[in-house]
Amino acid sequence: MKILGLETSCDETAAAIVENGVNILSNVVSSSQEIHTKTGGIIPEKAAREQLKSILAVIDLALSEADLEISQIDALAVTVGPGLIGSLLVGVETAKTLSFIYQKPIIPVVHHLAHVYANWLEKPTLVAFPALVLTVAGGHTNLFLMEAHGVFKLLGETRDDAAGEAFDKTARLLKLPYPGGPSIAEKAQVYLNKNKKKLNLFPRPMIGEDNFDFSFSGLKTAVLKEVKEKTLKKADQQKLAAEVQEAIVDSLTQRTLKAIEIYSPKSFLLAGGAAANKRLRDRLRQKLKEANLAIELRIPAVKFCTDNAGFVASYAFFNLEKMSWREINATPNSEEAIARYANHGRKIS
Ligand code: KG4
Ligand code: ZN
């Protein structure tokens, strides 16, 4: 089954064709990130306009790279939410129009659940359930126990900022360019190459608490205190970037290990844009190796971690919930998107 996936929830305009949920025939991503770097963050109106400019060209390219006509596609999949309303509308209305014209079913896709399917885009494709899933992105940070396809039990989530958001906001305070994750990682690496000192300047909230939640807003305040009334030199930026990264990586790793200890999953899956972070990837690998547990660790290639339509099409294959275009609408709110489009006979508790 060949699914054409569309992803337009934020500042990436993406189209991909994936066969049977795992075999990528094409995966095209156009990003308006450069524009947002100039303004220091995303202006939703601008992101939506860029989506409109790119969507048809991106779909066209995805079809031609896969050497397919749209008539040869079995179904469409589109991110319905959560995300920015203007951006979401572009993908959703395009999918609805294509569905109407070419008489193809649409599978609505919930963005942060779909991120997890980056793990199916690489071989080997069999994932042993239950799987513990850590999703770290710009808009969401969740720990799920995934019991089967589409069955996500929510163990913990962020109480305030998402992990990616914490990178973005602290980078701004450190006068580093948007998006903050890669900027912080780059500066931190320069520091880490030269220094082996322990990094413990910033708080690791929630660690030690009897739950699996995260909190990152205190980090922002702590960084602000450090940089207030200070002229930041390059060396300060590098050290503080390393401290920020370490605080985020420590928090994520500690909660993950605790969940693994309690739930004994058969696999661990990492997902979301901040999963591109090398320090986080290395730390999880190292800790799981040290723990010597019978658990399969899956960390997708960086290009599948950040927003793309490959995981949208893969999610759609494993969670086939075809709907008429008449029933599908852009749904920016996370709870609403789950309730409307991810709960059909499945369990998200
Ligand atoms: O998943 P994603 O592309 O979009 C959402 O669904 O939110 O994630 C974007 C987030 C941004 O906050 C960005 O700063 C972060 O992922 N990110 C990183 C890295 N690359 C992207 N965070 C830390 N280290 C990275 N290398
Ligand atoms: Zn995303």
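Some observations on this one:
- Of ASN27, ASN119, ASN292, the residue with the greatest mean-square motion in the GNM of the chain, using alpha carbon springs below 10 Å, is ASN292.
- Listed cross-link partners LYS197/LYS225; LYS123/LYS303; LYS198/LYS220; LYS169/LYS258; LYS266/LYS289; LYS169/LYS196 are compared with a 18 Å cut-off, the Cα-Cα value being larger for LYS197/LYS225; LYS198/LYS220; LYS169/LYS258; LYS169/LYS196.
- Set of lysines near LYS96 by C-alpha distance (under 19 Å), chain-local residues within fewer than 8 positions excluded: LYS2, LYS53, LYS104, LYS322
- GNM on the chain, alpha-carbon springs under 10 angstrom: the most fluctuating residue among LYS53, LYS153, LYS198 is LYS198.
- Cα-based helix-to-principal-axis angle, 234-263 vs the chain, degrees rounded to 10: 70
- Helix 180-194 and the longest principal axis of the C-alpha atoms of the chain enclose an angle of approximately 40°.
- Distance-filtered residues of segment 142-157 - backbone nitrogen under 16 Å, label point 7 angstrom along GLU261 Cα→Cβ: none
- Rounded to the nearest 500, the helix-only mean residue ellipticity at 222 nm of the chain stands at -14000 deg cm²/dmol, with each DSSP H run of n ≥ 4 adding -39,500 (n - 2.57).
- Principal-axis tilt of helix 217-227 within the chain, Cα atoms, nearest 10 degrees: 50
- Contour minus Cα-Cα distance for ASN292 and GLU186 (0.36 nm per residue): 35.1 nm
- Here segment 84-105 and segment 232-270 have alpha carbon centers that stand 37 Å from each other.
- Sequence-separation-based contact order of the chain, relative, with Cα cut under 8 Å and 6+ spacing, percent: 26
- Simple rule: put +1 on each Lys or Arg Cβ and -1 on each Asp or Glu Cβ in segment 8-52, find the dipole, and look at GLY40, THR8, ILE24; the Cα lying farthest toward the positive end is GLY40.
Read-outs throughout are calculated quantities, based only on the coordinates presented, and are distinct from any laboratory measurement. Quantities reported herein were computed from a predicted structural model and do not represent experimental measurements. Note that we place each Cβ from the backbone using ideal geometry, even for glycine, and neighbour counts take in every protein chain shown.
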